[in-house]
Protein chains: 4
Amino acid sequence: MINVGIIGASGYTGAELARLLCCHPEANISVATSRQYEGRPLSEVFPSLRKKADIICENLTPDELAARADLFFTAVPHKTAMDLVPSLLAHDKKVIDLSADFRIRDVSVYEKWYQPHSSPEFLREAVYGLPELYRSTIKSARLIANPGCYPTSIILGLAPLLKADGIDPNTIIADSKSGTSGAGRGAQTGTLFCEVHDGFRPYKVGRAHRHTPEIEQELSLLAGTDAVISFTPHLLPISRGILSTIYATLRTKLNQEQIISMYREFYQDEFFVRVLDEDCFPATNSVRGSNFCDISVKVDPATNRVIVMSAIDNVVKGASGQAVQNMNIMCGFDETSGLDAAPFFP
Amino acid sequence: MINVGIIGASGYTGAELARLLCCHPEANISVATSRQYEGRPLSEVFPSLRKKADIICENLTPDELAARADLFFTAVPHKTAMDLVPSLLAHDKKVIDLSADFRIRDVSVYEKWYQPHSSPEFLREAVYGLPELYRSTIKSARLIANPGCYPTSIILGLAPLLKADGIDPNTIIADSKSGTSGAGRGAQTGTLFCEVHDGFRPYKVGRAHRHTPEIEQELSLLAGTDAVISFTPHLLPISRGILSTIYATLRTKLNQEQIISMYREFYQDEFFVRVLDEDCFPATNSVRGSNFCDISVKVDPATNRVIVMSAIDNVVKGASGQAVQNMNIMCGFDETSGLDAAPFFP
Amino acid sequence: MINVGIIGASGYTGAELARLLCCHPEANISVATSRQYEGRPLSEVFPSLRKKADIICENLTPDELAARADLFFTAVPHKTAMDLVPSLLAHDKKVIDLSADFRIRDVSVYEKWYQPHSSPEFLREAVYGLPELYRSTIKSARLIANPGCYPTSIILGLAPLLKADGIDPNTIIADSKSGTSGAGRGAQTGTLFCEVHDGFRPYKVGRAHRHTPEIEQELSLLAGTDAVISFTPHLLPISRGILSTIYATLRTKLNQEQIISMYREFYQDEFFVRVLDEDCFPATNSVRGSNFCDISVKVDPATNRVIVMSAIDNVVKGASGQAVQNMNIMCGFDETSGLDAAPFFP
Amino acid sequence: MINVGIIGASGYTGAELARLLCCHPEANISVATSRQYEGRPLSEVFPSLRKKADIICENLTPDELAARADLFFTAVPHKTAMDLVPSLLAHDKKVIDLSADFRIRDVSVYEKWYQPHSSPEFLREAVYGLPELYRSTIKSARLIANPGCYPTSIILGLAPLLKADGIDPNTIIADSKSGTSGAGRGAQTGTLFCEVHDGFRPYKVGRAHRHTPEIEQELSLLAGTDAVISFTPHLLPISRGILSTIYATLRTKLNQEQIISMYREFYQDEFFVRVLDEDCFPATNSVRGSNFCDISVKVDPATNRVIVMSAIDNVVKGASGQAVQNMNIMCGFDETSGLDAAPFFP
């Protein structure tokens, strides 16, 4: 049993960490922080957590924090994270950072898309926390850059084909749709119920979304060459879930059966990836609440394109669940500990 | 570890039993039946269950069934249940029946609201499976009549006040609102997405809903006198959740504080009932996916009425979760086994 | 053709006024104000209005305003309205005020529920703008207090029975459910999509909602005696719509048929009230987008109670549509001008 | 004023025809048919239409029908339409067919995707009812093949670029998302509220959807060469609305400004097409309930692709509204008659 801290507990990823960790057999939430709700029980902020996570929110300095847990989840905005993480590491704590601050390996790329980086020396050490690709380095890491939600769905969707050199990386188009929890819990007109409900819209179209360089970094590493992609995010009137529909031109004449086999083999030891049968397509509400990533592939011989569809719960496999999976790996726990609940349907 | 069977696995309560039981530490789903999906994996019917409940649906006779498990959940329509349950009992199996067939103690009342009863001899033996009221008899029962969803929310909401003779039982008005999963998975125009979405409506108004006699039976037992109530069900554009807003005239001048104390005391040992602080009101999405019942009470001195609000997940505490809770009690398991996940929010 | 001004055009009621008025055959929107969006086209704030209401939002003094239109809709918060309305009246303009500032006849009641009133001298002059009850005085009024959304649904629901002395006014319980647009367009955590979606909850329970005195004022006038009621608002995960389920004890033995006849007669000349057949119940999505109020009554002889159900679109009959109806009456237009579109389903 | 008939009035497109036509200044609904609801008022099937379209549903032979109106909307399934339309034409009636039966010019293509065609002789005469492309021939047509919903959004989205030879037609990928009303009002498990709500999924992926040949036919005509495209439909948890996100590789170096100008010019006389400013993206709830098609274009120089986004209400511009627009053109009415209501938001 280890003690874990949730830094930034009053956002949706913080709440989800609490939801998952309050039932984890090996972890105890020993500290939770929130500037806004300091002194109030987390279960007052999220009444769903009553009797499950009644811990009081605190507002602590990094030094005070370090004394309170063995491992920390930093569920704070980018920029805040890069200022906080080094002090936690300096106290020999393990850190799983859910912000974007340590995901981009090239500091100049980071600074182009975000802002100046205050602790670039950790970019090299940080491990990109996608267990299906980086499990062995995660095992011994002390700083995990937990992947973004859109990137998780797209990278897992394309990894087998890119690794096998099956598609032209410059033909990749990722049309992604996300639930509204991805926009966070800040009060904004654009995410009010009446603005989102019964509607659907794209946003940040045309290399405007900050997940673009993260996605391209990982796809390029898989392909062994630079991948420049089109990525279009859309806002769905659902709470949770991302579905990415990904198009790419096949390099070689691979048929439907061969590609499904390739995916099944690639993910054969991965509990959290479910490769579907032909003509079964993923749905966000089939993975809701779980750490699963459902993937389906469809070859269209008429256009020589493959269409990959990938669904995750953006708050679980796209954020807090993947963070717990990383913790499990780092701490030698069973990788599915605390993550074995079935998806939530209907 | 016991073997359990889910009879009627392809409906929403069947799917929810599978969702809860597939992670239960003491129970193994050894058989699941569905006439419609015979021979197909349950995870094909509900893709959410892939890798979690891949059991093949079967279509078996009662005798064949009996050989396959120690305890059965009958998640079939009323009428079907009354014909099946006796043969399972005859094989010395425990049965938790999720239909209405064994809930009404007075066969003439049952037959007035439903149809002739084919096995009235079991009405006396059946235990009404509301653990908060009948735990000790559930322990030794072999046939549980698992309560209806609306009745669970209303009975738990009123039990402390009725037991204490605090309200006039003939002034009770229960205005209840339910999510659409309560209408089942049968294909009907009235529950199509476009008919329900972005809408709200009452139905079966004025002593027309079959849960009325079940509610009145239990409220009368609590009050020690006949209670005739107004009960109005409404259909909410949500998947899961019931919220009942219940009005009654106070018998004695009880104030807000006294009534909250009365509720806190009544439910002090009940893990699954959460009595909220004054002016915190229950919400269906604070109990979603969990076996919790959240209750809030508010006294209005101007009208001398008390308003009780009670929220449950109709598929969990209102059906499958309560059934698992009953199984836990009958089998001597920890009462929260398989039911300890935190509610699902957002 | 008259010129009309929308003061406070960037909220949901302002947008709805623009939606209805941009197609009105007798009215031209000559001015629209918004402090926040000054200088920007209204169709930038609400892209739905492109090509329909491209007017530029302005920020004007009352004197400047008065020169720009013949009649004004004040869709601003209470308190702001009471400071603005007198200057518009001083310029001999007609005003339809959508705030609560002129709805309560007794200034002490107003001040108990709101705050000190800066222009109480207009309370006597203001006409409560419910055409079905006050049409003849509306005709010659220059200041209309446009009714609240909940009050509209409840008062129209009870008027025939109260007028006929058919129910005991002290037994009235109004259990009301509203769509989220009623909470306005201000950015608040509580009305974010993820907080409201797939959920349902009561709020301001127990004489805590400010519509209570407005409802009681009008019900008392109808009954000819003081009515003290229970009113419980709830928040629905829909954009538009209010459904009130209202319970009261019958004074005399009126049967189902008699009460339906009473309602049909009472509303026989009212285009916007639709009295439904027995066992047809109103639904918010059957009135959505329209100025209709659908009403159904059900007698329960077992409890001697009548249950009245009343549905409106809170933004139309509960606000902007009723305001346009009042304008039509005040200006001698056909009462259904600009309001004759059929409800919007599905 | 003409008399019009709605054949197949009890489906969603039938209901929408009734909603639009009941307020049309030049058209009178003189007959409405429904086998299922014969003898019952249409307003009983759709309570929203009470007092607006109380016409009784009938079940008539083609000959009986022909005597009852001047122009017919056939809102029946494909196959049914092809058997009915010829007899209406034989009686010299105008027909606007909302099925797919007369949309495909090449009978062999039709028969490959649907079934044998019983009246192929009318394929040549039928005019594809997309006014923005075929207005002049619609004027004098007697049989209109009203376009499919997905095709409308995609063809309007690409027409300016294809006409100008700006993109390579073999690089077109249309990722489309539709509201659930597109699936019709038939009772099916897959479109139940609980299956669709809070979820999102693709379906008929990889040249499997029957709108594919219709889209390719029209895009090929615009391009002047065969276009083979990728088209992926998805199901949105909303009632109405289609948003298509369309990707294509630019043929020449056109910049953002040039392409917006090209679109503005192409659609300058089209009331129902709104070309948005740069970085304003369409949303389904900005066109809901209206006949508008909102289009936005975004050039991505890094990939040399253009991204076109196009939003319509699938039941209006994607079906019944476009049908009314076609009627207006055929009958010499103002093209916006009955279609001038502003979109419905929130």
Drop in accessible area of at least 30 Å² in the complex versus isolated chain, residues of the range A:36-85, 1.4 Å probe: A:S48, A:R50, A:K51, A:K52
Just how large is the dipole of the range B:150-314 about the Cα centre, in debye to the nearest 20, putting +1 at every Lys and Arg Cβ and -1 at every Asp and Glu Cβ? 460
In degrees from 0 to 90, rounded to the nearest 10, what is the angle of the helix D:256-266 Cα long axis to the longest principal axis of chain D? 30
Go through B:328-336, A:317-325, A:125-133, B:227-235 and give me the packing order, highest mean Cβ count within 10 Å leading. A:317-325, B:227-235, A:125-133, B:328-336
The range C:138-243: antiparallel bridges as % of DSSP beta bridges, rounded to 5, reads 40
Net charge near A:M309 (other residues with Cβ under 9 Å of its Cβ; Lys, Arg +1; Asp, Glu -1) is +1
Quick note, the range A:107-174: a/c under 1.5 would make it rounded; otherwise a/b > b/c is prolate and the rest oblate (a ≥ b ≥ c, C-alpha gyration tensor); here it is oblate
Percent antiparallel among DSSP beta bridges confined to chain C, rounded to 5, stands at 45
Protection proxy ranking, peptides A:294-304, C:195-205, average beta carbon neighbours within 10 Å, highest first: C:195-205, A:294-304
For the range C:150-314, percent of DSSP beta bridges that are antiparallel (nearest 5) comes out at 75
Once the other residues with Cβ under 12 Å from the Cβ of B:L130 are scored (Lys, Arg +1; Asp, Glu -1), what is the net sum? -1
Straight-line reach only, C-alpha to C-alpha below 13 angstrom: list the aspartates and glutamates that C:K112 could link to, leaving out same-chain residues fewer than 8 apart. C:D101, C:E214
When the charge dipole of the range C:150-314 is computed with +1 at the Cβ of Lys and Arg and -1 at the Cβ of Asp and Glu, the Cα pointing farthest to the positive end, of C:A283, C:T189, C:V205, is that of C:T189
Shape of the range C:68-194 from its Cα gyration tensor (a ≥ b ≥ c, root eigenvalues): rounded if a/c is under 1.5, otherwise prolate when a/b > b/c, or oblate? oblate
Mean other chain Cβ within 10 Å across C:201-212 is 5
Using a 1.4 angstrom probe on heavy atoms only, work out the carbon and sulfur share of the accessible area of the range B:39-89 in %. 55
B/A buried area, accessible surface, summed, 1.4 Å probe, Å²: 3000
Place a +1 charge on the Cβ of each Lys and Arg in the range C:95-237 and a -1 charge on the Cβ of each Asp and Glu, then give the dipole magnitude about the Cα centre in debye, rounded to the nearest 20. 240
Can you give the net charge of the other residues whose Cβ lies under 15 Å from the Cβ of A:F281, counting K and R as +1 and D and E as -1? -1
Partner chain coverage, peptide C:230-237 - average Cβ within 10 angstrom: 6
The ³J(HN,Hα) series, computed from each phi in the range D:271-283 with the Karplus coefficients 6.51, -1.76 and 1.60 at θ = phi - 60°, rounded to the nearest Hz and given as x for glycine or proline, is 4, 8, 10, 10, 8, 7, 5, 3, 6, 9, 10, x, 9
Out of every Cα pair in chain B, what percent are spaced more than 27 Å from each other? 43
Going through the cross-link list C:K177/C:K317; B:K52/B:K177; B:K94/B:K177; A:K317/D:K298; D:K52/D:K177; B:K79/B:K317, which pairs have a Cα-Cα distance over 21 Å in this structure? B:K52/B:K177; B:K94/B:K177; A:K317/D:K298; D:K52/D:K177; B:K79/B:K317
Classify the protein assembly as shown as rounded, prolate or oblate from the Cα gyration tensor: take a ≥ b ≥ c as the square roots of its eigenvalues, call it rounded if a/c is under 1.5, otherwise prolate when a/b beats b/c and oblate if not. rounded
Where only protein heavy atoms count, and the probe is 1.4 Å, what is the accessible area per residue for the range A:150-314 in Å²? 27
Threshold 30 Å² - residues in the range D:323-346 whose accessible area is reduced by that much or more when the chain is no longer isolated, probe 1.4 Å: D:D340, D:A342, D:P343, D:F344, D:F345, D:P346
Excluding ligands, DNA and RNA, the carbon-plus-sulfur percentage of the accessible area of the range A:150-314 with a 1.4 Å probe reads 45
Based on alpha-carbon centroids, what's the gap between the range D:55-113 and the range A:63-101 in Å, whole number please? 68
Relative to the longest principal axis of chain C, what angle (0 to 90°, nearest 10) does the C-alpha long axis of helix C:149-163 take? 40
For the range D:2-125, count the residues as N, evaluate 2.2 N^0.38 Å, and divide the Cα radius of gyration by that value, please. 1.07
Between helix D:211-223 and chain D: long-axis angle, C-alpha atoms, 0 to 90°, nearest 10: 60
Remind me, relative contact order of the range D:150-314 in percent, using alpha carbon pairs under 8 angstrom and six or more residues apart? 31
Please report how far the C-alpha centroid of the range B:289-315 lies from that of the range C:138-193, rounded to the nearest whole angstrom. 23
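The values are calculated or read from the model by the stated rules, or taken from the named source; none is laboratory data. Quick caveat, the model's predicted, so the values are computed rather than measured. Please note: Cβ atoms are built from the backbone with ideal geometry, for glycine as well, and neighbour counts cover all protein chains shown. Note: accessible area is taken over every heavy atom of the protein model, side chains too, but ligands, DNA and RNA are not part of it. Shrake-Rupley method; radii C 1.70, N 1.55, O 1.52, S 1.80 Å.
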